[in-house]
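Engineer: Following this message is one structure expressed as structure tokens.
The values are calculated or read from the model by the stated rules, or taken from the named source; none is laboratory data. On a predicted model such as this, the values are computed, not experimentally measured, just so you know. Here Cβ is always computed from backbone atoms with ideal geometry, including for glycine, and neighbour counts include all displayed protein chains. Protein only, heavy atoms only, side chains kept; ligands, DNA and RNA dropped before computing areas. Shrake-Rupley method; radii C 1.70, N 1.55, O 1.52, S 1.80 Å.
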Amino acid sequence: VPSPMCALPSSCAQRPPACTRTSKNSCDLLTSRASGSCSNDIGRLLGANLKILRNIILQVKFTKVWSKTSKSLIAYESGRIYFDNYRCCYSSLLPEPEQLYELPKAPKTEKIEDALLCQCPLDKVLPNPSDQKSCLLVLTAHNWLYRLSADTGKTLERIYLSSHFKFRSLGWDSSQETLYVKSIQSKQTTLERQAGVNNNILMHVAVFQVFPLELVGMLEINKKVFGKTAVDVLLSQGVLAVSHSSKHVKLYSFEYIVNKFRIEELALGQQCEMKGIVGEAPYGIPVNIHIHECPPVLFEMSYFENGVQIGGHPWHYIYTPNHKRHRGTHHICSITDGALAKNGIQDMKCDSLEADWIFFHPDDSGRIVHKYQLIFLVKAEHRCTEGWFVIHGSSSSQAPQVIVTSSGRAVKRRFQLLDDDPAQQTFRMVKYEDELDLLAVVDITQTEDEGQAHLRLHDNKTGLLMKRVPLKEPWDVTYSHEVYFDRDTIIHTVQEKNNSFCCHVYKMKRRPPDEP
């Protein structure tokens, strides 16, 4: 969760004294104290204030304060709730959400395809004041990349990508530093098919640095270079990952690719050899990174399902070997030499209708989270997977194998219950609140004809259950749900039966004066 401070603090002389504070929101008061805006002190350690906030949250109750429906998916990030495909934005930082802005309606040919929220940098001062504030980067269906004010929706900058390639998605290479825009996969046209011409271009990728927004380059992914089985690419932490239809993934250094294959550096707004202006219609951004030979492979791996994940310190990876006998197992290996960690083959023995998942803990501790029972492993540098703790729900091993009917007849259970059987308590999702160092775990218990959800808050270091918050909305497992826990706010978004979506917001309940 990003820091709540979005600008450098003003001078001490301009700070109002503590007695002039009007906000009664505990979260706001603690944030103000951390920035020194309500005290003669230059600033308190934010970590100390967040410990106070954590203690408060674990003691008070949460109550639902607001709900809103939408005809499209609802997104949430850093105190902002987005409705109608990012067209309408609400702030969730107040006691009840309030609308920040609403963009004008646009035709389907200009709809927003994807968006990324960019937080303002705190470590440097930028020449343009608008660059110092948070912004929303949105990609539209007609290939424009807009930079909008995160608070007002005002257009700060716009970039035209291309009139030749259709771009569809945004992603972070390095969070809040470098992003990429990915096109859809190229398909062979009817004329190319009739002429017997093979289209070897898989897709195009444009890469930018943010704050300020600057072009790194545009590259094309060619199957002649990366292999005819290549089906998708992504950028992450300076690595270009190419996945293949043969369930194979190869990693390449993006820095090497830029240094080796970029034919010229381009700047947004630059006149490009009488052809047009870079980033403006109709010219857009030309391909300036031509990869004509395969770069050195940093790492490659075949997998059976669920791909390959990399994490831990030092680097390790999790995968399932590409053979059906390994189905349901997860292998944890060193990325340096491929050696298995101690106890590095985890057979989760998970019987369920839904796909299994496992991932490195987002706190960069090297621990690992598993879906149905939460398993946290020690740091990978110890070359082992010992020292874990488990957060239990109602597991199938606890279910009675002999059931006594109302008439007193003993009936033996013939089939083992699934781990996600509706009759059991199951875990649906896990989120990490890094500012409070709490794990937010959603558990579901079936009651009569509907599911009852609770948000469990566990200590991140010990796994101890600290609090359990009931969610009032029924949890229908046949529809999609998402739960966010962000300091003093719980947000539950749910798909409903009529194919609409609803957002429910919970806040800390203020204790009445007469309540003990």
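Engineer: Search region 124-148 for residues being polar (S, T, N, Q) and in contact (Cβ under 8 Å) with a residue 40 or more places away in the chain, and hand back the single one that is most open to solvent (accessible area, probe 1.4 Å).
Structural biologist: So in region 124-148, the residues polar (S, T, N, Q) come out as 128, 130, 132, 134, 140, 143.
Filter once more, so that each one left must be in contact (Cβ under 8 Å) with a residue 40 or more places away in the chain: 128, 132, 134, 143.
Details: 128: 70, 132: 36, 134: 10, 143: 12 Å².
Across region 124-148, the extreme among qualifying residues is 128.
Engineer: Residues to consider are 337, 347, 356; find the one that is under 30 Å from residue 438 (Cα atoms) and open to solvent by 70 Å² or more (accessible area, probe 1.4 Å).
Structural biologist: On the way: 337 fails: under 30 Å from residue 438 (Cα atoms); 356 fails: open to solvent by 70 Å² or more (accessible area, probe 1.4 Å).
Answer to the check: 347.
Engineer: Within region 269-298, how many residues turn out to be without any contact (Cβ under 8 Å) to a residue 60 or more places away in the chain and within 15 Å of residue 160 (Cβ to Cβ)? Explain how you work it out, then say what you get.
Structural biologist: At the first step, the residues of region 269-298 found to be without any contact (Cβ under 8 Å) to a residue 60 or more places away in the chain are 269-277, 295-298.
Retained after the next criterion (residues that are within 15 Å of residue 160 (Cβ to Cβ)): 269-272, 275-277.
Summing the residues that are without any contact (Cβ under 8 Å) to a residue 60 or more places away in the chain and within 15 Å of residue 160 (Cβ to Cβ) in region 269-298 gives 7.
Engineer: If you don't mind, there's one more thing I want to ask. For region 299-330, enumerate the residues that are crowded, with 19+ Cβ neighbours inside 10 Å and of a type outside the set (Ser, Thr, Tyr). Break it down into steps so the answer makes sense when it comes.
Structural biologist: As a first pass, look at region 299-330 and keep what is crowded, with 19+ Cβ neighbours inside 10 Å: 301, 303, 308, 311-312, 316-320, 330.
If the condition is that a residue be crowded, with 19+ Cβ neighbours inside 10 Å and of a type outside the set (Ser, Thr, Tyr), then 301, 308, 311, 312, 316, 318, 330 are the ones that fit.
Engineer: Among the polar types (S, T, N, Q), under 15 Å from residue 210 (Cβ atoms) and at pLDDT below 95 - does that describe any residue in region 113-125? Step through it out loud before you land on a result.
Structural biologist: Looking only at region 113-125, we keep the residues that are among the polar types (S, T, N, Q), and these are 119.
In the following step, the residues that additionally are under 15 Å from residue 210 (Cβ atoms) were identified as 119.
Filter once more, so that each one left must be at pLDDT below 95: 119.
Among the residues of region 113-125, at least one is among the polar types (S, T, N, Q), under 15 Å from residue 210 (Cβ atoms) and at pLDDT below 95, which makes the answer yes.
Engineer: Name the residues in region 149-170 that are surrounded by fewer than 16 Cβ atoms within 10 Å (Cβ to Cβ) and either among the aliphatic types (A, V, I, L, M) or part of a strand (DSSP E or B) (or both), would you?
Structural biologist: Of the residues in region 149-170, the ones surrounded by fewer than 16 Cβ atoms within 10 Å (Cβ to Cβ) are 152, 154-155, 158, 163-164, 169.
Selection gives 155, 158, 169.
Engineer: Just for strands (runs of 3 or more DSSP E) wholly inside region 202-258: which have at least 1 residues that are within 23 Å of residue 175 (Cα to Cα) and more than 22 Å from the chain's Cα centre (by Cα)? Lay out the reasoning, then the answer.
Structural biologist: Details: elements: 214-222, 230-236, 239-244, 248-253.
So the answer is 214-222, 248-253.
Engineer: Also: Could you list all residues from region 58-115 that are open to solvent by less than 30 Å² (accessible area, probe 1.4 Å), of a type in the set (Gly, Ala, Ser), in a strand (DSSP E or B) and touching a residue at least 40 places away in the same chain (Cβ under 8 Å)?
Structural biologist: Residues satisfying the conditions are 70, 75, 115.
Engineer: Now for a separate question. Scanning for something aliphatic (A, V, I, L, M) and touching a Leu at 6+ places or on another chain (Cβ under 6 Å), does region 116-123 turn up at least one residue? Spell out the reasoning first.
Structural biologist: In the first step, residues of region 116-123 are kept if they are aliphatic (A, V, I, L, M); the result is 116-117, 122.
Add one more test, that the residue is touching a Leu at 6+ places or on another chain (Cβ under 6 Å), and what stays is 116-117.
Yes, that holds for at least one residue.
Engineer: For the structure I just gave you, tell me whether residue 186 is open to solvent by less than 20 Å² (accessible area, probe 1.4 Å) and assigned to a loop (DSSP other than H, G, I, E, B). Give the steps one after another, and end with the answer.
Structural biologist: Details: open to solvent by less than 20 Å² (accessible area, probe 1.4 Å): no; assigned to a loop (DSSP other than H, G, I, E, B): yes.
Spelling it out, it is not the case that residue 186 is open to solvent by less than 20 Å² (accessible area, probe 1.4 Å) and assigned to a loop (DSSP other than H, G, I, E, B).
Engineer: Residue 225: of a type outside the set (Asp, Glu) and either modelled with pLDDT under 95 or open to solvent by 50 Å² or more (accessible area, probe 1.4 Å) (or both), yes or no?
Structural biologist: Values: of a type outside the set (Asp, Glu): yes; either modelled with pLDDT under 95 or open to solvent by 50 Å² or more (accessible area, probe 1.4 Å) (or both): no.
No.
Engineer: When you look at residue 71, is it more than 20 Å from residue 150 (Cα to Cα), under 23 Å from the mean Cα position of the chain (by Cα) and at pLDDT 55 or above, yes or no?
Structural biologist: Numbers: more than 20 Å from residue 150 (Cα to Cα): yes; under 23 Å from the mean Cα position of the chain (by Cα): yes; at pLDDT 55 or above: yes.
The answer is yes for residue 71.
Engineer: Next question, about the same structure. Taking the options 192, 177, name whichever one is within 27 Å of residue 241 (Cβ to Cβ), without any contact (Cβ under 8 Å) to a residue 40 or more places away in the chain, open to solvent by 20 Å² or more (accessible area, probe 1.4 Å) and acidic (Asp, Glu). Let's see the steps before the verdict.
Structural biologist: Details: 192 fails: within 27 Å of residue 241 (Cβ to Cβ).
Within the list 192, 177, the selection yields 177.
Engineer: Residues of region 259-298 being surrounded by 13 or more Cβ atoms within 10 Å (Cβ to Cβ) and part of a strand (DSSP E or B), which ones?
Structural biologist: If the condition is that a residue be surrounded by 13 or more Cβ atoms within 10 Å (Cβ to Cβ) and part of a strand (DSSP E or B), then 262, 272, 276, 277, 289 are the ones that fit.
Engineer: For region 116-144, what are the residues that are closer than 20 Å to residue 84 by Cβ and touching a Phe, Trp or Tyr at 6+ places or on another chain (Cβ under 8 Å)? Let's see the steps before the verdict.
Structural biologist: Filtering region 116-144 for residues closer than 20 Å to residue 84 by Cβ gives 116-117, 135-142, 144.
Within region 116-144, 116, 136, 137, 138, 139, 140, 144 qualify.
Engineer: Also, quick follow-up: Go through region 61-110 and give me each residue that's among the basic types (Lys, Arg) and under 19 Å from residue 473 (Cα atoms). Can you show your working first?
Structural biologist: Start the filter on region 61-110 by keeping residues that are among the basic types (Lys, Arg), which leaves 61, 64, 68, 71, 80, 87, 105, 108.
61, 64, 68, 71 - these are the residues of region 61-110 that are among the basic types (Lys, Arg) and under 19 Å from residue 473 (Cα atoms).
Engineer: Filtering region 435-491 down to residues that are over 25 Å from residue 79 (Cα atoms) and among the polar types (S, T, N, Q), which residue is surrounded by the fewest Cβ atoms within 10 Å (Cβ to Cβ)? Quick ask: steps written out before the conclusion?
Structural biologist: At the first step, the residues of region 435-491 found to be over 25 Å from residue 79 (Cα atoms) are 444-452, 461-465, 476-478.
With the extra rule that they be among the polar types (S, T, N, Q), the set shrinks to 445-447, 452, 462, 478.
On the way: 445: 16, 446: 16, 447: 10, 452: 17, 462: 10, 478: 6.
So, considering only residues that are over 25 Å from residue 79 (Cα atoms) and among the polar types (S, T, N, Q), the one surrounded by the fewest Cβ atoms within 10 Å (Cβ to Cβ) is 478.
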